[in-house]
Amino acid sequence: LRTMITTKEILQNFVHLGALLYFVCFLFRNQILLRSFAMAADLAYLIYYFNAADKPLWSAVGCNFVILLLNGVMLVIICRDNRSADFTENELKLYSRLKSISPPDFRKIVRLGKWHRTKADLVLTVEGQPLSSLLYILEGELLIEKSGRKIKAMPDMFVGEIAFVTKNPA
């Protein structure tokens, strides 16, 4: 009976490790985890392609290296896009209140919006009138008048979001 396993025999199993890592990577919706596991699978395949035969399988090595490189570049881009470090002070305040939005999606929303700062009282919506924009109050006091009632509200809230989304009057 032979009990010693050679390094070559271990390296031959890297094809199975690569397949397993690829299988696992496709279980993730998170692009960082997906691409990280895909890159680990690519590395396992590269090790296998260098050791599967008497000489490296160069065409497979080349193709796999390109896939590894593309995943690496995309991983860097995704990580860069997920940073919130380049937000302005107001954007960072707003982003911290809207936690469920990813930094890239938040940037898209902020590009569409406009920042307003006012010291005087300002009417934001009128009951029964359509809204032309979505409003979010980041700071300041808010007085809501609805059906003759007056309610003081704190900032950090959307104003007229239901009317805006449904395209119905406020």
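The values are calculated or read from the model by the stated rules, or taken from the named source; none is laboratory data. Since the model is a prediction, treat every value here as computed from it, not as a measurement. A quick note on method: Cβ atoms are made from the backbone with ideal geometry, for glycine too, and the neighbour counts reach across all protein chains shown. Surface areas here come from the heavy atoms of the whole protein model, side chains and all, with no ligands, DNA or RNA. Shrake-Rupley method; radii C 1.70, N 1.55, O 1.52, S 1.80 Å.
Structural remarks
- Those strands (runs of 3 or more DSSP E) lying entirely in region 103-170 with at least 3 residues more than 27 Å from the chain's Cα centre (by Cα) and closer than 28 Å to residue 89 by Cα: 142-146
- Here the condition is being open to solvent by less than 90 Å² (accessible area, probe 1.4 Å), in contact with a strand residue (DSSP E or B) (Cβ under 8 Å, 6 or more places away or on another chain) and of a type in the set (Val, Ile, Thr); of 118, 125, it holds for 125 alone.
Residue by residue, here is whether (1) among the hydroxyl-bearing types (Ser, Thr, Tyr); (2) modelled with pLDDT of 95 or more holds:
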| site | (1), (2) |
| --- | --- |
| 6 | yes, no |
| 13 | no, no |
| 24 | no, yes |
| 32 | no, no |
| 39 | no, yes |
| 104 | no, no |
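- Single match in 99, 93 (criterion: modelled with pLDDT under 80, of a type outside the set (A, V, I, L, M, F, W, C) and either closer than 27 Å to residue 32 by Cβ or in a helix (DSSP H, G or I) (or both)): 99
- Residues located in region 1-31, provided they are loosely packed, with under 13 Cβ neighbours inside 10 Å, in a helix (DSSP H, G or I) and among the β-branched types (Val, Ile, Thr): 7, 10
- Just one of the numbered conditions (1) touching a residue at least 12 places away in the same chain (Cβ under 8 Å); (2) open to solvent by less than 70 Å² (accessible area, probe 1.4 Å); (3) closer than 30 Å to residue 103 by Cβ; (4) among the hydrophobic types (A, V, I, L, M, F, W, C) is not true of residue 43: (2).
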